[in-house]
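Before any comments, here is the structure.
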Amino acid sequence: MVLVVREWDAQQCLSVDPAICFIISQALMIIHLHSQDVANLEPELQARLQSHKDLLLLFLEQFATIWNLPRFLITSFKKLSERFSGPLTSTDIDQILKRMQGALHSGWFRFLSITPEDFTAEVQQDFDINSFTEMDFTDWELWGNLSSMGSIPQSF
C-alpha cells in the first residue's frame, strides 16, 4: 500500500473514489500498531515504519483538503495513536485488531473514546456521531451532504 501511495499522482485526486481513504486509514492504523509491537523495537524498522505512517498520513491530509471523510479518519487515527502510544504485546495488538469494526462503526467510536467534543462546534451542529447507526453509508448523497461538516481541529 505504501509503495502505491509513494507513486501517487496528486493530480488524480478529484477523479478518485473517496473510499480510498478508508483503505489508507486502515493501513495507517495497522502500521501504527505494528510500530508499537515490543518485538519491533529495532531503530531501523522503527524509522521505516514511521516514514510509512508519515507518507500515508500525508496522503490522507491531501484528500482532507477536498473531502471531509479523510479529516474524520485522521482524527480517528490520532485518537488511536494517543490511546496506544506505548509498547504493545502481540496479544494486545490482536485484541485491538479484533475491535476494529470499521471507521464509522459506533463501537469503534466508543473503543477510541471519540466524542462530539473532539470536533469543532460547527461540526457538532451539523454532524452527530451518535446517528451513525441510522445512516446508510452506501448512499452517495449522504457523503455530498457531509460537506457542511466544517473542519476537524488541527491541534487534535
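The values are calculated or read from the model by the stated rules, or taken from the named source; none is laboratory data. Predicted, not measured: the structure shown is a model, and the values here were computed from it. Ideal geometry is used to build each Cβ from the backbone, glycine not excepted, and the neighbour counts take in all protein chains shown. Side chains are part of the model used for accessible areas, which takes the heavy atoms of the whole protein and leaves out ligands, DNA and RNA. Shrake-Rupley method; radii C 1.70, N 1.55, O 1.52, S 1.80 Å.
Structural remarks
- Some residue of segment 88-102 being of a type outside the set (Asp, Glu) and touching a Ser or Thr at 6+ places or on another chain (Cβ under 7 Å): no
- In segment 37-58, the count of residues that are under 20 Å from PHE111 (Cα atoms), touching a residue at least 24 places away in the same chain (Cβ under 8 Å) and under 18 Å from the mean Cα position of the chain (by Cα) is zero.
- Pairs linking a residue in segment 78-94 that is within 14 Å of PHE109 (Cα to Cα) to a residue that is modelled with pLDDT of 90 or more and among the aliphatic types (A, V, I, L, M), with Cβ atoms under 7 Å and 6 or more positions apart or on different chains, are LEU80/MET29.
- GLN95 satisfies every condition listed in (1) open to solvent by less than 80 Å² (accessible area, probe 1.4 Å); (2) polar (S, T, N, Q); (3) modelled with pLDDT of 75 or more except (1).
- Flag for GLU42 being over 20 Å from LEU97 (Cα atoms) and modelled with pLDDT of 85 or more: yes
- Matching residues in segment 98-137 - criterion: being out of contact with any Leu (no Cβ under 7 Å at 6 or more places or on another chain), open to solvent by 70 Å² or more (accessible area, probe 1.4 Å) and either modelled with pLDDT of 80 or more or of a type in the set (D, E, K, R) (or both): LYS98, ARG99, ARG110, GLU117, GLU122, ASP126, ASP128, GLU134
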